[in-house]
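Right, one structure below, let's go through it.
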């Protein structure tokens, strides 16, 4: 009798594979077995062949023996994890030191088998100038060892092209830097700086240069396929393409993790001036070939990727993306995406025509279909083969006995039943995978997201540590400078005592927090050395408690002395200073310890935890952070008391200016330390609180239906085995043909049985807590699609239509929508994954959003579907000539919930603080300033077409919706009431006055609601040669909104003319650097008495506007163009003649600022002067002539010989 099989399984860490968006059965498992020492191998005995007489007996026992073997194989299968290969190839290592080595490697890699199991180590920098090299296919590991390959130049007519054309799933490329140009011809599809297509892993690689192609163009890879992973990669230079173009990847169906791009992606030629060293031509010359016009079509362009159906986590773009008024689906991170995106940041400018967003051009909930044949489908195939063999056996057994025929008929029935049960298992396993894949990936991505969110908290604590250390040093300096205390000493001592009491409470809270932090580390780390030790923190806390106790005793002593004698002895004052310094040093050490512990904490360990462990860790961290936050609060109170004590000391007589200045330094450092510490610890508490409340989902089991189908399949296969065993016995003497048929059926049955056992091994009794083992080391696959979470945009966004700070639009891309092709003919193995959600959650925009036409939103320009939840629109948003402008959404026919906006808005019709026109707006808060609209404007919405509830706003001029505020729907609040709502973002509570010049912040300061400022707050704008600056706002009174004052530059007016004319021309003109509106003031004055001996033709007073020029050139129109005149300038109380030159019909001279001048005829020369000059000239001429004659007569006469000698020609 065939054995009845019951199997118990748990997941295998070693065999877990990335979880795909597709409806494949992707979770693999291993058998549950206790950890034991491996058994000692038995000696292998060589047996002699059986005697011929034994063969018949052995044949009769063959089937039973095979069934026993099946049982043994089952036991072996239960002890082996899935996914182990049958053999391990011997590792091979190749070292690349020269260009020739790389060329040889490329030639060998034309065969996909060569690089399997191969390790390549680059041992030197290479220069490929003049050599075109590309590895066609690669399956091994390529370690660049941080070396650089320069001069890469690929121009061939190829698609799927890069330094590596195709990276298969086993390939790893790491620590490699590449510089070069890729400008292919032909179809130009799937082109990348590192790889054309990637299904493996690329980590810590960079590309610098240009990649120019047509479709699927990326700085690192052209296409990142399902299973492909890019980690810590970066790009600089330029990337250009017509469709699916990204700084990192053209298309992404895999994972992009912590990648960054500074490349210009599909931008104007002038912006692309970066040229890596050694390149033969510049990017300018390359990009100049790309004719960019307003009629050009570029779609799906992103700073990181053009189109993503996969995962994009913690990526950053700083490069410019897109060209003005050109292209569709343009985004700072992704041009279009329906995958998963979290914790991404864009700083680059984003431009395009339609669907333009700071993070995503279009959030597309495309319905996609992915499927694969799993083990159940293979089992079904083999069962079909078994049925065919059985049918053949029936044909051959027509002449057999009725008993044999009946048994074969029963075998056929068992096979048919097994086939039907296998078909039933197909759907059940598919449903099982679908129900758990999303939960698995949600947990993985949750850990990655919270790792990214920890960074700003650590920055705050680092700042607090630095400022606290500085405060301790400055306090020491201050106390050394302080004079003896006098006056209100009792108030100083009372404040110091309150300071010490608050700090002691802070110590208690810090100790509690340290204990909880240690418990969290215990949960996260398996080994004691896995995480930082808190021993030093505990020791420094004990020292701090001791120092505070000593300080309290000294304060009490000083208070007793003061009560008895009205003063404090100098010895006690010195002791008080010393104890206060000691307390500050100890507190500084505590903060430094806490900062060091958290900076050295491996938050990446969060990736390795189960959901339950994560929640336990989060609870411990929440308790720790709450204690630390309470400590920060007590520290703040303590600093207030210390500040009051110092202010009292400041007012005491005898304090020098040096002491007062030092007090200011101490107070500033204390304030900054307290603010950073409070911010960091409060955010840490919120971080842990949010983590503890996360619910990525629950795992579901296979259920009773699966058990029933599995049992039925097991029974059918067992029945098949029993019948085959009996049939073999009955037909042992039958004809050879029938026996051959039965053996084939039996072999096929064993194959089916093994497949069935494998499937059971993969699917039953799963322990879901182990599904996540080693997942962080595997390539991550999408779990949810159409979702952007906690993304930030700081770059400006400019488009024609559908322009948003986070997403240009949330809509279906109808041109490529697969909805019309939803079904497949092969229903037996096709498994669908459907994702139609489009979610923007906890995203914030700080960049300006400008649309030329309609639909501009601080978060999303146009929402046809989906949900915006918990997002903040803080960037100014406007439309030049269109309608539908909103702080969150321009036009929404979907849902906006619990979102916020504080920004300046302007447009035509439908302008609103949350939405220009909104369908469902709930739980939102807005503080808008609308500077321009034609009609339908409101603090919440210009128009509300559906549900509007629980929304509040602050505005002195606007109503909630259009011109009406609705109670409970769109209701006004005072600013004070808004700030009192603790759950609202801090951006509402902070109002800033910012001065900007040349795009840079020149100064910035916070102010209270309703504050006013004078001219003293205006900074000096940077100097621009030939230009002057003016601030675009000068009235800074009663400010109630964030205010940005911008320096505007205008060219100088270089010449001012007088209103007084002579013969149609201005009599006076002055050169200088004047501003628009400046005027030259002139007036005729009486002839100066000092010049009474001369004939004064004209005298003028000139008032020149102030400018940056010390001396001005004055032009005076002469009455006669060829006349001779003298100019006198009044300076230093005297009239002084100044140099003057003729320029056309004007006489030009210099004056230093405002003054007076007079003009007289130039005095003529007397006649005797002219006569003397003529006589002198005649005398000189005569002398010259006489000297010439004398020199000629003194020369000797030529000899006869000389006279007779001549040339033959003479």
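The values are calculated or read from the model by the stated rules, or taken from the named source; none is laboratory data. Note that the coordinates shown come from a computational prediction; the quantities given were computed from them, not determined experimentally. Backbone-built Cβ (ideal geometry, glycine too); neighbour counts: all protein chains shown.
Annotations
- Boolean, residue 999 is under 29 Å from the mean Cα position of the chain (by Cα), surrounded by fewer than 12 Cβ atoms within 10 Å (Cβ to Cβ) and outside the structural domain of residue 867 (by TED's automatic domain parsing): yes
- Among the residues here, residue 500 does not qualify as part of a helix (DSSP H, G or I) and at pLDDT below 75.
- Filtered residues of the stretch 922-932 (kept if free of Cβ contacts under 8 Å to residues at least 40 places away in the same chain and either outside the structural domain of residue 865 (by TED's automatic domain parsing) or surrounded by 21 or more Cβ atoms within 10 Å (Cβ to Cβ) (or both)): 924, 926, 930
- Residues of the stretch 193-226 that are over 15 Å from residue 253 (Cβ atoms) and crowded, with 23+ Cβ neighbours inside 10 Å: 193, 194, 205, 207, 208, 209, 210, 211, 213, 217, 219.
- Of the strands (runs of 3 or more DSSP E) contained entirely in the stretch 1016-1089, those carrying at least 2 residues that are surrounded by 17 or more Cβ atoms within 10 Å (Cβ to Cβ) fall at 1027-1031, 1036-1039, 1043-1051, 1068-1074.
- Given (1) surrounded by 12 or more Cβ atoms within 10 Å (Cβ to Cβ); (2) over 33 Å from the mean Cα position of the chain (by Cα), index of the condition residue 1007 fails: (2)
- Taken over the stretch 1090-1119, the criterion of being in a loop (DSSP other than H, G, I, E, B), closer than 14 Å to residue 1157 by Cβ and more than 60 Å from the chain's Cα centre (by Cα) is satisfied by 1094, 1096, 1097, 1118.
- Matching residues in the stretch 1090-1117 - criterion: being without any contact (Cβ under 8 Å) to a residue 60 or more places away in the chain, surrounded by 18 or more Cβ atoms within 10 Å (Cβ to Cβ) and farther than 30 Å from residue 1022 by Cβ: 1100, 1102, 1114, 1115, 1116, 1117
- Residues satisfying the criterion are absent from the stretch 190-210 (criterion: free of Cβ contacts under 8 Å to residues at least 12 places away in the same chain and in a loop (DSSP other than H, G, I, E, B)).
- Residues of the stretch 343-353 that turn out to be assigned to a strand (DSSP E or B) and buried (at least 24 other Cβ atoms within 10 Å of the Cβ), as a count: 3
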